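This report concerns only the one structure given below.
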Amino acid sequence: MANDFGQTNATPIYFAVDRDMTTTQITGNVVPYFQGIMSVLNSSTQNPNGYKVGIYGSRAVCAYIRGSFSATTRYTFIVDNSWAGTFNDWNLRQYNFNTTLGSGNGQIKIDYVESSSHGGGGWK
């Protein structure tokens, strides 16, 4: 499906854990979620385009997933800086949440995102 949208081969597909989680929640819910994801993306038969695992989540989630799976698995991380945990191996880091740009009907809210030396994790 990613290929149908024009996603470049060997780039990350991001899977979100869009909330702060305790270790118990991570081990009981997030780990099985990523086990399923990785069983597909680590299979050359099911993932012939070589898409990588991308993770959007708290520092705690990203650190736990990084430490729980094989070092040969390729990850890209987007870290939400407002949530718990310590994790410095991110590709993208969100900060300054809900910054307002514009005014009136043209007003929008954005989050700032910083790219690390590990690369931005984007594909187009």
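The values are calculated or read from the model by the stated rules, or taken from the named source; none is laboratory data. Computed from a predicted model, the values in this text were never measured in an experiment. Every residue, glycine as well, gets a Cβ built from its backbone with ideal geometry; the counts of neighbours run over all protein chains shown.
Which numbered condition trips up Tyr64, out of (1) part of a helix (DSSP H, G or I); (2) modelled with pLDDT under 85; (3) within 25 Å of Asn96 (Cα to Cα)?
Every listed condition holds for Tyr64 apart from (2).
Restricting the range 1-52 to residues that are more than 21 Å from Arg66 (Cβ to Cβ) and of a type in the set (A, V, I, L, M), which is surrounded by the most Cβ atoms within 10 Å (Cβ to Cβ)? Explain how you work it out, then say what you get.
Taking the range 1-52 as the starting set, the residues that turn out to be more than 21 Å from Arg66 (Cβ to Cβ) are 1-9, 44-46, 48-49.
So of that shortlist, the ones also of a type in the set (A, V, I, L, M) come out as 1-2.
Working: Met1: 6, Ala2: 15.
Across the range 1-52, the extreme among qualifying residues is Ala2.
Name the residue that is nearest to the chain's Cα centre (by Cα), counting only residues in the range 23-41 that are within 28 Å of Met1 (Cβ to Cβ) and of a type in the set (Ser, Thr, Tyr).
If we take residues in the range 23-41 being within 28 Å of Met1 (Cβ to Cβ) and of a type in the set (Ser, Thr, Tyr), then Tyr33 is nearest to the chain's Cα centre (by Cα).
Find the residue count for the range 13-24, including only residues that are in a helix (DSSP H, G or I) and under 22 Å from Arg93 (Cβ atoms).
Residues that pass the stated criteria total 1.
Being touching a Pro at 6+ places or on another chain (Cβ under 6 Å) and either modelled with pLDDT under 85 or not aliphatic (A, V, I, L, M) (or both) narrows it down to one residue among Lys52, Lys124; which is it?
Working: Lys124 fails: touching a Pro at 6+ places or on another chain (Cβ under 6 Å).
After applying the criteria, what remains is Lys52.
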